[in-house]
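Asks: Dropping the structure in here first, questions after.
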Amino acid sequence: MNKTLLIFSGWLTITGLWGCSKKDTRLKDEQLSFNRIESVSHLPGFGDSDGLPEGRPFELPKGLHLVNRPNYPFNPDISKLKGIINTFYIDVHIATDSTWGGGEFVFPEGLVVLNVAPSRIQNGMLLDREPVTAPPHNPSSGGDTITIYLGVACMNAGKGMPWADNFGTDDRYYPISKGTHKPYVITTNKEVLKFLSLLNDKKHLKLTRHYNPWERMNEDYKEPEWMKPYSEIQDKFWKLTDGTGLNQDDLEELLKAIQPQ
């Protein structure tokens with residue numbers, strides 16, 4: 001993972017500071033009850049920690065089960081991609097049993113996807129609520145398996161990017177990490193919840209296209225406009241998970257970046 005630091009440095013973006021009057025107006029418009037978010041770099045699973053993240057255990061409804069599909073190729077059908085951040089994707093494969101009658105279930109905001117691969121790569125977090133519909137169990141087919149992809153933010157700036165070893169014909173141009181992460185717990189940390197509250201009801205951030213993470217390595221790379229809100233979200237999230245937290249200027253920059261265009 002020697003390219004990790006170069007990839008990370010290529011990821012970071014520089015944004016300008018706003019004037020004081022705009023700061024006050026923006027925070028008031030968003031009805032924020034806080035002007036700072038404290039760092040969580042000291043908590044297990046965040047920052048440089050290799051500990052297990054804490055929170056409420058994640059469970060699927062009765063009749064649904066997470067399964068492994070190690071040889072299943074990445075499917076770039078954009079309808080299968082869920083989330084409002086695209087630093088990397090994880091694959092989620094769900095099988096039904098005879099007790100599942102069909103319907104909707106939810107991957108909640110604050111869901112931690114835990115790295116279960118041998119490599120020291122980043123844990124991820126889902127930043128919004130993602131409903132998914134699973135059809136009724138079909139006994140004639142043995143029960144179809146549903147595959148979706150969750151777009152998540154990285155929780156550990158100093159660890160490897162989960163897509164850094166993608167060289168297959170199906171995954172080399174996408175930030176997908178196959179078979180390396182599992183849904184684990186839902187965070188209850190009040191500082192992380194503050195950050196998530198900034199992203200509530202930002203439906204315009206729903207992912208509608210892919211990007212090639214390796215393009216960032218090019219010397220002449222210029223970030224497209226559509227990617228800038230996602231880069232800003234990740235930059236600020238790393239300040240929360242690995243840095244000193246977010247001050248009022250940081251909050252203003254983030255709120256400006258994620259406004260509908």
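Asks: Note down all Cβ pairs under 6 Å where the first residue falls in region 244-260 and is under 13 Å from Tyr230 (Cα atoms), the second is open to solvent by 10 Å² or more (accessible area, probe 1.4 Å) and hydrophobic (A, V, I, L, M, F, W, C), and they're at least six residues apart or on different chains.
Replies: none
Asks: Hey, another quick one. Just to check your reading of the model, which residue among Pro131, Pro76, Pro108 is under 14 Å from the mean Cα position of the chain (by Cα), of a type outside the set (Ser, Thr, Tyr) and either open to solvent by 10 Å² or more (accessible area, probe 1.4 Å) or closer than 20 Å to Thr187 by Cα (or both)?
Replies: Values: Pro131 fails: under 14 Å from the mean Cα position of the chain (by Cα); Pro76 fails: under 14 Å from the mean Cα position of the chain (by Cα).
Just a single option satisfies the conditions, and that option is Pro108.
Asks: For region 214-235, which positions are part of a helix (DSSP H, G or I), modelled with pLDDT of 95 or more and open to solvent by less than 50 Å² (accessible area, probe 1.4 Å)?
Replies: Narrowing region 214-235 to residues part of a helix (DSSP H, G or I): 214-217, 225-235.
With the extra rule that they be modelled with pLDDT of 95 or more, the set shrinks to 225-235.
Those that are part of a helix (DSSP H, G or I), modelled with pLDDT of 95 or more and open to solvent by less than 50 Å² (accessible area, probe 1.4 Å): Met227, Pro229, Tyr230, Ser231, Glu232, Ile233, Gln234, Asp235.
Asks: For residues that are outside any helix (DSSP H, G or I) and touching a helix residue (DSSP H, G or I) at 6+ places or on another chain (Cβ under 7 Å), scanning just region 236-261, find the one that is most open to solvent (accessible area, probe 1.4 Å). Please lay out each step first, then the result.
Replies: Step one: filter region 236-261 for residues outside any helix (DSSP H, G or I), giving 242-247, 258-261.
Narrowing further to those that are touching a helix residue (DSSP H, G or I) at 6+ places or on another chain (Cβ under 7 Å): 245-246, 258, 260.
Working: Gly245: 4, Leu246: 0, Ile258: 2, Pro260: 93 Å².
Here the answer is Pro260.
Asks: Mind checking which strands (runs of 3 or more DSSP E) fall wholly inside region 46-150 and carry at least 1 residues that are in contact with a Ser or Thr (Cβ under 9 Å, 6 or more places away or on another chain) and over 25 Å from Tyr230 (Cα atoms)? Can you show your working first?
Replies: Values: elements: 64-67, 88-96, 103-107, 111-115, 130-134.
Correct list: 64-67, 88-96, 103-107, 130-134.
The values are calculated or read from the model by the stated rules, or taken from the named source; none is laboratory data. Model, not experiment: these values are computed from the prediction. Please note: Cβ atoms are built from the backbone with ideal geometry, for glycine as well, and neighbour counts cover all protein chains shown. Remember, those area values only see protein heavy atoms, side chains included, never the ligands or the DNA or RNA. Shrake-Rupley method; radii C 1.70, N 1.55, O 1.52, S 1.80 Å.
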